[in-house]
Amino acid sequence: MIPGEFTYHRPSTVAEAVAILASHGDEARPLAGGHSIIPMMKLRMAAPEHLIDLSGVADLKGIREEGGAIVIGAMTTQHELIASDLLASKLPIIRETSLLIADPQIRYLGTIGGNVANGDPGNDMPALMQCLNASYKVVGPNGEREIAARDFYEAAYFTALAPEELVTAVVIPVPPAGHGFAYEKLKRKVGDYATAAAAVVLTMSGGSVSSCSVALTNVGDTPLYAAEACDILTGSTLDADTVNRAVAAAEAITRPASDGRGPAEYRTKMAGVMLRRALARAAERANG
Amino acid sequence: MNDMTPTREQREAALEGMGCKRKRVEDVRFTQGKGNYVDDLKLPGMLFGDFVRSPYAHAKVTKIDASKALELPGVIAVLTAEDLKGVNLAWMPTLAGDVQMVLADGKVLYQNQEVAFVIAEDRYIADDAIQLVEVEYEELPVLVDPFKSMDPDAPVLRPDLEGKTEGAHGPRKHHNHIFTWEVGDAEETDRAFKDADVTIKELISYHRTHPSPLETCQCVASMDKVTGELTVWGTFQAPHVIRTVASLLSTIPEHKIHVIAPDIGGGFGNKVGAYPGYICSIVASIVTGRPVKWVEDRMENLSTTSFARDYHMTAEIAAKNDGTVTGLKVHVLADHGGFDACADPSKWPAGFFNIVTGSYDFPTAHLAVDGVYTNKAPGGVAYRCSFRVTEAAYCIERAMDILAQKLGMDPADLRMKNFVKPEQFPYHSALGWEYDSGDYHTAMQKAMDTIGYRQLREEQKAKQEAFKRGETREIMGIGISFFTEIVGAGPSKNCDILGVAMFDSAEIRVHPTGSVISRMGTKSQGQGHETTWAQIIATEIGIPAADIMVEEGNTDTAPYGLGTYGSRSTPVAGAAIALAARKIRNKAQMIAAHMLEVSEYDLEWDVDGFQVKGNPELRKSMKEIAWAAYNAPPPGMEPGLEAVSYYDPPNMTYPFGAYFCVMDIDVDTGVSKIRRFYALDDCGTRINPMIIEGQVHGGLTEGFAIAMGQEIRYDEMGNVMGASFMDFFLPTAVETPHWETDYTVTPSPHHPIGAKGVGESPNVGSVPAFSNAVNDAFGFLGNTHIQMPHDAWRVWQAAKDLGAHG
């Protein structure tokens, strides 16, 4: 549990950070909350020669509303997400999900940018961002671009982010007022990654589902947006048969690993159970 | 007397003696982060050692090339088995009569086994150098399943034992066999089974887990080449034993070895044995002439230092139709890993597993244990239990439930029917123990009444009906455990460690002003000895506990003792403390008689001094007597007021308890919730009820962890799965249930203060309660036995196999 040697950088602007990244390529890694990279370095599973601490970059902080969307700076901590009144009123599922990440000490340091950018399938925010149809603002040597969360994840720890690029913010379209939501997470203990988790955001109108979005955490090597399940559910009254079909469709896209949380079959089934429970809770919360 | 004279009650309260909920004095430093642990120690010129470890579970080591590591600036040396052979330390004896490699000698037997020891100027350089040591391996077939250890074609794990048909505990019947240990009357037991109305038989496995103390194993060794003295600071539960063993192995005379155990951050059995890290640090310090520190990381601790359990127990009970048990037969397959480094008293290869008759009056029983080698880490320590007692308690408590189910009897009623009766004590068990005291029926009845047992069964029945009607997906289990522990090892007639008898000791010195320093052969790792030992002395000699300093862990100053594990401190050292204190009180009585100019027979003890019988105003307090002891002793008497006592216990002590667990299980996820957990403990005389409660909370939390998911798993290649706290279940405050504690008091008749020891009861007693609750919940669906650990996916799997998912 002793890391190898590395050079520590502490830039104060995004441009400076990107410049350091660009000059060292694969040998450099950004440091956000550090909950993933530092243990990996201590285990010597990661050995970056340059560690770029982003905590001095003021521009990466903060939560604001911008033309129908919520923009959250990448270095905003999970604790700040939980404490935000703006998020509590516009995107309460972020608070609900954040409270299920690890424990308060970790949430004081863990950031939304680190959580979404690392590509760890165990992280909770990526599936939630897919569910909310968020996109990530990314800055590299050639300027800024936006990547949809649903297009961002390629495999475990592999994303659409280039080595010299930095996620600077997440942009989340504000869902309609009165939307129903739920994040259901099954885990073995505080601090554990999900055995399986499901994020649901839906709107109801006259007793039937007018829009629905579903994504799953840690039951594949990427977060999984359950498009087919969404299609099945949209327009339905969430009757038992429809829910069963949607759950089956969601289970069908899972490819979980067998590990200490349980064999693959169990984790797939738990994704279904979490989805079922999230749907029920989201529907109960939805107005209309 | 005037109004200012304290009353007897006030004087008694001022002592904070036995029975007082005295706050833990050691917590003043621990809660401020001012504890002094091994890793806090920084000596001038100190070097750091770290291990190159094997990635393979079973392989030949064909070449070790350290040249690149040695080129790295700051690397002092790299030790291998070849170097250790020069000082005859490539192998070391284990506590179980086996030998163990210190560093890989030609092969490795488990993943992460120590292969080479790198010594460097700091930890970072040491770890960098580890990556540079080139080791060539030739993989060998891996043996993970103990049930396959004695297959005719099983790989030979221990070529060093080739041809040895006799082990430390009798004949070996296979190249991977360690011992067979048999107790009881096989013929008589067979007869009981032949005549039985009902019999049950079940393979009850207790999985491999680990004591996982928060502080890992570590040491600093410092050899002074000028004086020839070796000082070793370490996380030692038994510092004197370490000194003796170090002297025997190193040939450094014992008086030139100083072993110091500073504050220890939990042990739970993990810190009883000797590890390669200690040997290598000592050798490294001898070679370099500089202090050498070795500190394990979490993965090293979980994957290489002593594990616990891995017992596979086939239990059979014979009974009459009315539920009376008539015979018990148990066979155990014990997986010891690559070396038998089980920490038991030397004559007990399966510890005190023959307590497996439990709290029940079995007229006859037979037990056989076969120990085998596998490609797993060595160990088999008592993880917060007396030697193999938690395995035994789990075995019998699970088996009694299975019998109750087969008979259609309530499991509480079955236990009540078969308990050893109060008038049978001292009770001689069919497997050879003499239970000192007990009142099982009273404890069980109190527990059942407090928890509302009959009503809970009614509620459970209603829930089962609702489940069958499809109205709920939740089921309810009630787990009962009525355990009898055997602790306080132990009487020298049958207990020793490598020939050292298992007595313990205390030394008490009363200073002239009436304050006290006392030292014991035990070593607290969190048990609170600094608090409780002072309470025993306070009551015995009438000096306030606040004026009594307790010191442990320095072999230069403490009297020789066997250390702290197996709940032995109170039964053994606790008795030594009381007896040493009584020597002081006896001398004090003579001094008081001289001071009061009466015969000592005219005096009586009264809380904190002696008074003249019938004339209590004529009295001398211990404080006054202490001054006189040094400055005005009776003519002819040696000055001073101190005593040493070594205590060889006449018997073990037998704490017991009644535990009930009420559990709700979500059949669809396998997630269980402990609704209530009630623990009634009878540990005899209670020294500090608050510390007992704390001990019980800690032990219950460990038992909860073990039963519900804490496990050291291996894949078929012998890779350790999840040797970190990400996977190894260590519950936080969030997962830990609320504990309800209670007690009865049945003193030990042979112990000077009647105390029995309690630290390990809650681990021993709770595991069967949790497991029985899970098994009980599924009983109505046809379940007989579900193996531990009961983590969510396995419970879900059990539900699925029983058809509960529709």
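Is there a simple number for the mean count of other chain Cβ atoms within 10 Å of the Cβ of residues in B:665-671, and what is it?
Average neighbour count from other chains, rounded to a whole number: 4.
For segment A:58-173, just the Cα atoms, rotate onto the principal axes and tell me the three extents in Å, largest first.
If we take the Cα atoms of segment A:58-173, the spans are 35, 31, 27 Å.
If you roll a 1.4 Å probe over the heavy atoms of the protein chains, what accessible area per residue do you get for segment A:58-173, in Å²?
Here the per-residue accessible area is 38 Å².
Determine the per residue accessible area of segment A:181-285 with all protein chains present and a 1.4 angstrom probe, expressed in square angstrom.
That works out to 35 Å² per residue.
Taking the Cα centre as origin and putting +1 on Lys and Arg beta-carbons and -1 on Asp and Glu beta-carbons, what dipole magnitude results for the protein assembly as shown, to the nearest 20 debye?
That gives the protein assembly as shown a dipole magnitude of about 1140 debye.
With a 1.4 Å probe on protein heavy atoms only, work out how much accessible surface A and B bury together, total over both chains, in Å² to the nearest 100.
Result for this pair: about 2000 Å² buried.
Under a plain spin-label model, where a point goes 7 Å from the Cα along Cα-to-Cβ, how far apart in nm are B:D195 and A:K42?
Here the answer is 6.3 nm between the modelled labels.
Return the long-range amide H neighbours of B:R713 (sequence gap of 5 or more, or a different chain), with a cut-off of under 5 Å between placed amide H atoms.
When sequence neighbours closer than 5 places are left aside, the close amide H contacts are B:M721.
Calculate one ³J(HN,Hα) per residue across segment B:176-182 by plugging θ = phi - 60° into the Karplus curve 6.51 cos²θ - 1.76 cosθ + 1.60, and present them in order as whole Hz with x for glycine and proline.
Whole-Hz 3J(HN,Hα) from phi for segment B:176-182: 9, 8, 9, 6, 10, 10, 10.
More than 23 angstrom separation, counting every C-alpha pair in chain A; what % is that?
For chain A, the fraction of Cα-Cα distances above 23 Å is 53 percent.
What is the magnitude of the charge dipole of segment A:7-56 about its Cα centre, with +1 placed on the Cβ of each Lys and Arg, -1 on the Cβ of each Asp and Glu, and no other charges, expressed in debye to the nearest 20?
Rounded to the nearest 20 debye, it is 200 debye.
Which order do peptides B:160-173, B:353-366 fall in by mean Cβ count within 10 Å, highest first?
Going from most to least packed, we get B:353-366, B:160-173.
Output the peptides A:278-287, B:512-521, A:153-162 sorted from most to least packed, where packing is the average of other Cβ atoms within 10 Å over each peptide's residues.
Highest-to-lowest ranking by the protection proxy: B:512-521, A:278-287, A:153-162.
Roughly how far apart, in whole Å, are the Cα centres of segment B:641-720 and segment B:575-617?
Computed from Cα coordinates, the inter-centre distance equals 41 Å.
Under the rule of -39500 (n - 2.57) per DSSP H run of 4 or more residues, summed and divided by the residues of chain B, what mean residue ellipticity at 222 nm is obtained, to the nearest 500 deg cm²/dmol?
-8500 deg cm²/dmol
Does any residue of segment B:697-737 lose at least 40 Å² of accessible area with all protein chains in place compared with its chain alone, and if so which ones (probe 1.4 Å)?
B:M726, B:D727, B:E735
With all protein chains present, how much of the accessible area of segment A:181-285 (probe radius 1.4 Å) comes from carbon and sulfur, to the nearest whole percent?
51 percent
For segment A:66-133 and segment B:490-557, what is the separation of their Cα centres, given in Å?
What the calculation gives is 54 Å, centre to centre.
Select from B:G479, B:A506, B:G438 the residue farthest towards the positive end of the dipole of segment B:419-515; place +1 on Cβ of Lys and Arg, -1 on Cβ of Asp and Glu, and compute about the Cα centre.
Selected residue: B:G479.
Please name which of B:P253, B:C395, B:L203 has its Cα lying farthest along the dipole of chain B towards the positive end, using unit charges on Cβ (Lys, Arg +1; Asp, Glu -1) and the Cα centre as origin.
About the Cα centre, the residue reaching furthest to the positive side is B:C395.
Between A:R95 and A:S211, how high is the FRET efficiency from 1/(1 + (r/R0)^6) when r is the Cβ-Cβ distance and R₀ = 22 Å? Nearest 0.05.
0.55
Hey, can you list the residues from segment B:123-158 whose accessible area shrinks by 20 Å² or more with all protein chains present, relative to the chain by itself (probe 1.4 Å, no ligands or nucleic acids)?
Output list: B:R123, B:Y124, B:D127, B:D128, B:Q131.
How many Å² of accessible area per residue for segment A:7-56, probe 1.4 Å?
48 Å²
Once amide H atoms are built 1.01 Å from N in the peptide plane, which residues 5 or more positions from B:V420, or in another chain, come under 5 Å H to H?
Those qualifying (amide H under 5 Å, at least 5 residues apart or on another chain) are B:Y360, B:D361.
As I understand it, the dipole of segment A:58-173 uses +1 on the Cβ of Lys and Arg and -1 on the Cβ of Asp and Glu, about the Cα centre. Which of A:A117, A:V71, A:Y136 lies farthest toward its positive end?
A:V71
What translational diffusion coefficient, to the nearest whole µm²/s, does the protein assembly as shown have by Stokes-Einstein, given a Kirkwood radius computed over alpha-carbon pairs, a temperature of 25 °C and 0.890 mPa s viscosity?
77 µm²/s
Take every Cα-Cα distance within segment A:7-56, group them into 10 Å bins from 0 onward, and report for each bin the whole-number percent of pairs it holds.
For segment A:7-56, the binned pair fractions read 28, 56, 16, 0 percent.
What percent do you get for the relative contact order of segment A:7-56 when only Cα pairs under 8 Å and 6+ apart count?
56 percent
Give the calculated FRET efficiency between B:E471 and B:E597 to the nearest 0.05, with a Förster radius of 60 Å applied to their Cβ-Cβ distance.
Result of the calculation: an efficiency of 0.10.
Compute the convex hull volume of the Cα atoms of segment B:305-385, divide it by the residue count, and report the result per residue in Å³ as a whole number.
Spelled out: Cα convex hull of segment B:305-385, divided by residues, is 96 Å³.
Go from 0 up to the bin containing the longest alpha carbon distance in segment A:210-288, width 5 Å each, and give me the % of pairs per bin.
3, 17, 28, 24, 15, 9, 4, 1, 0
Report in % the part of the accessible area of segment A:7-56 that belongs to carbon and sulfur, leaving out ligands and nucleic acids; probe 1.4 Å.
55 percent
For A:E27 and B:N554, what does the FRET efficiency come to when R0 = 35 Å and r is the distance between their Cβ atoms, rounded to the nearest 0.05?
The computed FRET efficiency comes out at 0.10.
Just how large is the dipole of segment B:429-479 about the Cα centre, in debye to the nearest 20, putting +1 at every Lys and Arg Cβ and -1 at every Asp and Glu Cβ?
Result for segment B:429-479 is approximately 440 debye, rounded to the nearest 20.
Output the residues of segment B:764-806 meeting this criterion: accessible area (heavy atoms, 1.4 Å probe) in the chain alone minus accessible area with all protein chains in place is 50 Å² or greater.
B:W793, B:W796
Compute the distribution of all C-alpha to C-alpha distances in chain B, in bins of 20 Å from 0, and list the percent of pairs in each, rounded to whole numbers.
In order of increasing distance, the bins hold 16, 46, 31, 7, 0 percent.
Could you check how much of the accessible area of segment B:140-269 is carbon and sulfur, as a whole percent, using a 1.4 Å probe?
55 percent
As a quick test, which of the pairs B:K347/B:K493; A:K189/B:K673; B:K21/B:K271; B:K583/B:K623 have an alpha carbon distance above 18 angstrom in this structure?
Going by Cα-Cα distance, B:K21/B:K271 fall outside the 18 Å limit.
The values are calculated or read from the model by the stated rules, or taken from the named source; none is laboratory data. Fair warning: this is a prediction, and the values are worked out from it, not measured in the lab. All Cβ positions, even for glycine, are placed from backbone atoms using ideal geometry, and neighbour counts span all protein chains on display. To get the accessible areas, we keep the full protein, side chains included, count just its heavy atoms, and leave off ligands, DNA and RNA. Shrake-Rupley method; radii C 1.70, N 1.55, O 1.52, S 1.80 Å.
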